[in-house]
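Below: the structure, in structure tokens.
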Amino acid sequence: MVEKLVGLVLVSSRGYLILDPFPGTFSTCVPAVMMDREAVGVEIEQEYLGWGLEASKRVQEEIGKAFHVLRADASTIGNLLRPSSVDAVVTSPPYVLVSLHAGDPERRLERVLRAGGDPRDFFGGLARNALRERSHRHDYYSLNRWMILMGNVLSGLWEVLRAGSLAAFVVRNRIRRGSLLELDSILASLGLEAGFRVEALYSAPAPKSLWANLLAKKGLRLPPEDRVVVLRC
Ligand SMILES: C[S@@+](CC[C@H](N)C(=O)[O-])C[C@H]1O[C@@H](n2cnc3c(N)ncnc32)[C@H](O)[C@@H]1O
């Protein structure tokens with residue numbers, strides 16, 4: 001995914017300000033400054049902020065230029081940054097919690113794979129534990145909270161982005177209650193509501209994950225792909 005985001009960063013001009021409202025490990029900010037862009041990441045989780053500060057310090061040591069690490073809720077971005085001060089957004093938003101399927105495991109897996117889903121939906125027990133552990137943090141949102149968050153973030157981005165600039169989001173569609181939850185379409189609709197145009201919507205191969213490797217050992221080929229939603233301000 002980082003490569004995809006870097007590719008998007010590259011199309012912007014030198015000196016431009018790149019914003020990641022959900023930076024996590026700040027894997028977008030690092031290449032952005034290394035390529036002579038300004039970068040700012042707005043993160044809510046203390047642990048990730050620590051990584052961001054550490055990464056920024058290392059980049060500073062390496063090339064004499066750091067990126068900006070802000071602790072804030074991305075919903076408030078409209079008040080955090082100056083209007084029209086951002087030249088591009090590249091980000092992968094937090095994940096959506098999905099309810100896990102009960103019933104016959106073979107059929108469950110088949111259904112998940114057929115719909116192009118994430119194998120974590122199959123490994124019910126493991127996924128449930130992992131999700132329970134994480135759900136008190138901000139990695140996962142219920143669909144309802146996710147839509148509210150993204151609606152607010154998009155309204156804020158509309159304010160801070162320069163007119164005509166691009167915002168790229170990488171999302172993974174998931175299976176929810178037996179059907180495909182198309183977060184890419186939901187995001188595109190929320191973008192339209194906030195005033196953006198939908199510039200592009202496409203699939204990109206997802207990076208090799210632990211789950212993909214586990215299933216590959218069982219001889220199962222996964223259809224893992226990320227969806228990239230590009231909005232124009
Ligand atoms: C999918 S991860 C980003 C992964 C990142 N692209 C990377 O390569 O590490 C989403 C991130 O958004 C952060 N986040 C969730 N809700 C947030 C909010 N309201 N404001 C700011 N950051 C938030 C999470 O803490 C998490 O770090």
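The values are calculated or read from the model by the stated rules, or taken from the named source; none is laboratory data. Just so it is clear, the structure is predicted and the values come from calculations on it, not from any experiment. Glycine gets a Cβ as well: all are built from the backbone with ideal geometry, and neighbour counts include every protein chain shown.
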Notebook entry, point to check: Considering Arg120, Arg111, Arg128, which residue is at pLDDT below 95, in a helix (DSSP H, G or I), out of contact with any strand residue (DSSP E or B) (no Cβ under 6 Å at 6 or more places or on another chain) and buried (at least 21 other Cβ atoms within 10 Å of the Cβ)?
Noted result: Arg120
Check: Which of the residues belonging to segment 35-55 are more than 20 Å from the chain's Cα centre (by Cα) and part of a helix (DSSP H, G or I)?
Finding: Glu54
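What number of residues within segment 149-173 satisfy the criterion of being within 13 Å of the ligand (Cβ to nearest atom) and more than 12 Å from Val89 (Cβ to Cβ)? Quick ask: steps written out before the conclusion?
Going residue by residue through segment 149-173, those that are within 13 Å of the ligand (Cβ to nearest atom) are 149-154, 156-157, 168-172.
Cutting the leftovers down to more than 12 Å from Val89 (Cβ to Cβ) gives us 149-152, 171-172.
The qualifying residues number 6.
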Item checked: Candidate set from segment 63-98 (those that are charged (D, E, K, R) and in a loop (DSSP other than H, G, I, E, B)); member that is nearest to Thr28 (Cα to Cα) -> Lys65
Notebook entry, point to check: For segment 32-47, which residues satisfy the criterion of being at pLDDT below 95 and buried (at least 21 other Cβ atoms within 10 Å of the Cβ)?
Noted result: Ala32, Val33, Arg37
Check: Do we have Pro21 as modelled with pLDDT of 95 or more, more than 11 Å from the ligand (Cβ to nearest atom) and under 17 Å from Leu154 (Cβ atoms) here?
Finding: no
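Hey, can you tell me all the residues within segment 60-71 that are among the hydrophobic types (A, V, I, L, M, F, W, C) and either at pLDDT below 95 or loosely packed, with under 14 Cβ neighbours inside 10 Å (or both)?
Going residue by residue through segment 60-71, those that are among the hydrophobic types (A, V, I, L, M, F, W, C) are 63, 66-67, 69-70.
Ile63 - this is the single residue of segment 60-71 that is among the hydrophobic types (A, V, I, L, M, F, W, C) and either at pLDDT below 95 or loosely packed, with under 14 Cβ neighbours inside 10 Å (or both).
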